[in-house]
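Q: Below you will find the structure I want to go over with you.
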Amino acid sequence: MRIIAKSTLKRFWQQPGCADARGPLESWHEEALKAIWKSPQDVKGQYASASICGNNRVVFNVGGNKYRLVVEMQYRAGIVWVKFIGTHEQYDRINVESVNDY
């Protein structure tokens, strides 16, 4: 898959107090780059804890469930758009289907 954009992930882990997200986010990024996700079922097959949401959004638990990563999947094009990364508290304040904080 093509991930847009790793810089968003990097910007997040460089924030004060978020350095512990670097390893898990880099691991997710590497796994997603190698993945061939053609459907939500493919994502669930690799990440059973991922939440499939409306508007082609998928929520991943990152860093032992400390952080949430929201992406928009473009399955046919093979593109994963990073839409949001944050703590659970921050995640609770967003609308997963419309968030575009990158």
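The values are calculated or read from the model by the stated rules, or taken from the named source; none is laboratory data. Not measured: the values here are computed from a predicted model. Glycine gets a Cβ as well: all are built from the backbone with ideal geometry, and neighbour counts include every protein chain shown. Surface areas here come from the heavy atoms of the whole protein model, side chains and all, with no ligands, DNA or RNA. Shrake-Rupley method; radii C 1.70, N 1.55, O 1.52, S 1.80 Å.
Q: Which members of the range 59-102 meet the condition of being in contact with an Asp or Glu (Cβ under 8 Å, 6 or more places away or on another chain) and among the aliphatic types (A, V, I, L, M)?
A: Once the filter is applied, which keeps residues that are in contact with an Asp or Glu (Cβ under 8 Å, 6 or more places away or on another chain) and among the aliphatic types (A, V, I, L, M), the range 59-102 yields Val80, Ile94.
Q: If you don't mind, another one. Somewhere in the range 48-67, is a residue in contact (Cβ under 8 Å) with a residue 12 or more places away in the chain, part of a loop (DSSP other than H, G, I, E, B) and surrounded by 18 or more Cβ atoms within 10 Å (Cβ to Cβ)?
A: yes
Q: Which residues, taken from the range 1-27, are among the aromatic types (Phe, Trp, Tyr) and in contact with a strand residue (DSSP E or B) (Cβ under 6 Å, 6 or more places away or on another chain)?
A: Listed by number, the list holds a single entry, Phe12.
Q: Working carefully through the options Ile79, Ile85, find the one that is touching a residue at least 60 places away in the same chain (Cβ under 8 Å), of a type in the set (Val, Ile, Thr) and crowded, with 17+ Cβ neighbours inside 10 Å.
A: Ile85
Q: So in the range 9-47, with the set limited to residues that are more than 16 Å from Met73 (Cα to Cα) and of a type in the set (S, T, N, Q), which one is least open to solvent (accessible area, probe 1.4 Å)?
A: Ser27
Q: Quick one: is Trp28 at pLDDT 95 or above and either part of a helix (DSSP H, G or I) or under 14 Å from Arg68 (Cα atoms) (or both)?
A: Considered against the rule, which asks whether it is at pLDDT 95 or above and either part of a helix (DSSP H, G or I) or under 14 Å from Arg68 (Cα atoms) (or both), Trp28 comes out as yes.
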